[in-house]
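Below: one structure, written as structure tokens.
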Amino acid sequence: MISVDTLSFLQEQASLVAFTGNILGVIPFRDRWIGRTQSLESRENVEAMKEFMGKIPILPSIRESEQFKRALRQGHL
């Protein structure tokens, strides 16, 4: 995820003509899911990102799932 500090830094660098790229999107990470349900906190965080980022798209997230972690620990794919 692009943080407020990162976004501010890139905007400052762009004003100095030190950064001429574009932000293509933001990938939320640690998006917590329990089974097939996104946690309320994660859903609220992604919504806040959408509001803060404005026109910059929010891309599909990297999920943090206890079921996925458990399967990895047990050696299941």
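Observations, loosely collected:
- Using alpha-carbon coordinates, inclination of helix 40-53 to the longest axis of the chain, degrees: 20
- Across the accessible surface of the chain, with the other protein chains kept in place and a 1.4 Å probe, carbon and sulfur atoms take up 56 percent.
- Judged by the mean number of other Cβ atoms found within 10 Å, the most tightly packed of the peptides 28-34, 13-19 leads the ranking 28-34, 13-19.
- Only helices enter this figure: runs of n ≥ 4 DSSP H residues, each worth -39500 (n - 2.57), summed and divided by the residues of the chain, yield -13500 deg cm²/dmol at 222 nm to the nearest 500.
- Ligands, DNA and RNA are left out, and with a 1.4 angstrom probe the accessible area of the chain is 81 Å² per residue.
- Between LEU7 and ILE56, residue separation times 0.36 nm minus the direct Cα-Cα distance comes to 16.5 nm.
- Principal axis dimensions, largest first and in whole angstrom, of the chain by Cα: 50, 25, 17
- Average Cα contact separation per residue, the chain, under 8 Å, 6 or more apart, as relative contact order %: 35
The values are calculated or read from the model by the stated rules, or taken from the named source; none is laboratory data. The shown structure was predicted, so the numbers you read here are calculated from the model rather than taken from an experiment. Cβ: placed from backbone, ideal geometry, glycine included. Neighbour counts: every protein chain shown. What goes into the accessible areas is simple: the full protein's heavy atoms, side chains included, and nothing from ligands, DNA or RNA. Shrake-Rupley method; radii C 1.70, N 1.55, O 1.52, S 1.80 Å.
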